[in-house]
Amino acid sequence: MISILVRAGKDDSVFRCLDSIKKTSPGTKIVVSLTPNKSVERALAMQGVKYCVVPRKNVSKTTNKGLELIKTGKVIITDSDTIFAKDCIRLLDSALDNYEVVKPCLIFQRDPSFQSALVTNMRNYFNSKDQKMFTPGLAFRMAIKNKIGGYYFDEKVAKAEDSEFSKRLEKNNIKGNVIKRAKLLHTPINMVHDLAGAFLIGAKKPETKSFPKMLSKRMRKYFEILISLGFLTLVYGLIWYSFFDLGKLSKHTGEFGKKVQNFFWKL
């Protein structure tokens, strides 16, 4: 049996995600881990959905607290701005009988605007790496905890927690698998929110590479974006990484940097 952990923020979009779970996989156990929101909490309680309330600004803590409420041997971790397509949950559940970690095909939706197309292109680029086990949609056996250091997500990594998790899987020779028939839809992401995320990932993600290695990897990514997604997406990629680098710099500017990070958390 599998459960689904839905990570929710400050709005009520979580109910659209919950509806897709109930419609496509009735009876599946659901847990919601959300930042404080009294109206959402009341609505969840009225629907009989198990939930926990967590502090803002640390996605690892949000996820770990929710995982503490999971009682089944398997779990899918998703976000409130996703929608499960037909058979997605069943396919992931079945795949975990053969693999310890899997993920679905994540489909980023877009609105008619040109900016949305660029954001969607970049998101698709980041999530196209089959070997990377990223959220949302990440599914694994709960017993994997004992093979990856005794914990699920590193609470010292407040953002880009799935990147750190994926690297630990690789370090411990645990290979994930992409279940391409399992479709998870992600609602459109506006550009302001996307760039705020870039800044916070830079601010919160540990740097483990030397500058020459980082520069070499960055240039390779720029080339891949240009070849596969075109010049305009490359321009947006340069902007995205500029915000990422500014986030990294904010770690070294004391209280001012923390105030700027707090501003971006609100976007």
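The values are calculated or read from the model by the stated rules, or taken from the named source; none is laboratory data. Note that the structure is a prediction, hence the values are computed from the model and not measured. All Cβ positions, glycine included, derive from the backbone under ideal geometry; neighbour counts span all protein chains shown.
Points to keep in mind about this one:
- As for segment 49-68, it holds at least one residue that is touching an Asp or Glu at 6+ places or on another chain (Cβ under 7 Å), buried (at least 20 other Cβ atoms within 10 Å of the Cβ) and small (Gly, Ala, Ser).
- Pairs, first touching a residue at least 24 places away in the same chain (Cβ under 8 Å) and within 12 Å of Lys103 (Cβ to Cβ) in segment 165-184, second basic (Lys, Arg) and not in a helix (DSSP H, G or I), C-beta under 7 Å, six or more apart: Ser166/Lys132; Gly176/Lys103; Val178/Lys103
- Residues that are touching a Ser or Thr at 6+ places or on another chain (Cβ under 6 Å) and either in contact (Cβ under 8 Å) with a residue 40 or more places away in the chain or in a strand (DSSP E or B) (or both) within segment 155-164 comprise Glu155, Val157, Glu161, listed in sequence order.
- When residues of segment 195-237 are limited to those that are of a type in the set (Ser, Thr, Tyr) and not in a helix (DSSP H, G or I), the one farthest from Gly247 (Cα to Cα): Ser210
- Qualifying residue in segment 100-114 (condition: surrounded by 18 or more Cβ atoms within 10 Å (Cβ to Cβ) and assigned to a helix (DSSP H, G or I)): no
- Among the residues of segment 165-194, those that are surrounded by 17 or more Cβ atoms within 10 Å (Cβ to Cβ), part of a helix (DSSP H, G or I) and charged (D, E, K, R) comprise Arg168, Asp194.
- Condition check for Asp97: at pLDDT 95 or above, in contact with a Ser or Thr (Cβ under 9 Å, 6 or more places away or on another chain), surrounded by fewer than 20 Cβ atoms within 10 Å (Cβ to Cβ) and assigned to a loop (DSSP other than H, G, I, E, B): no
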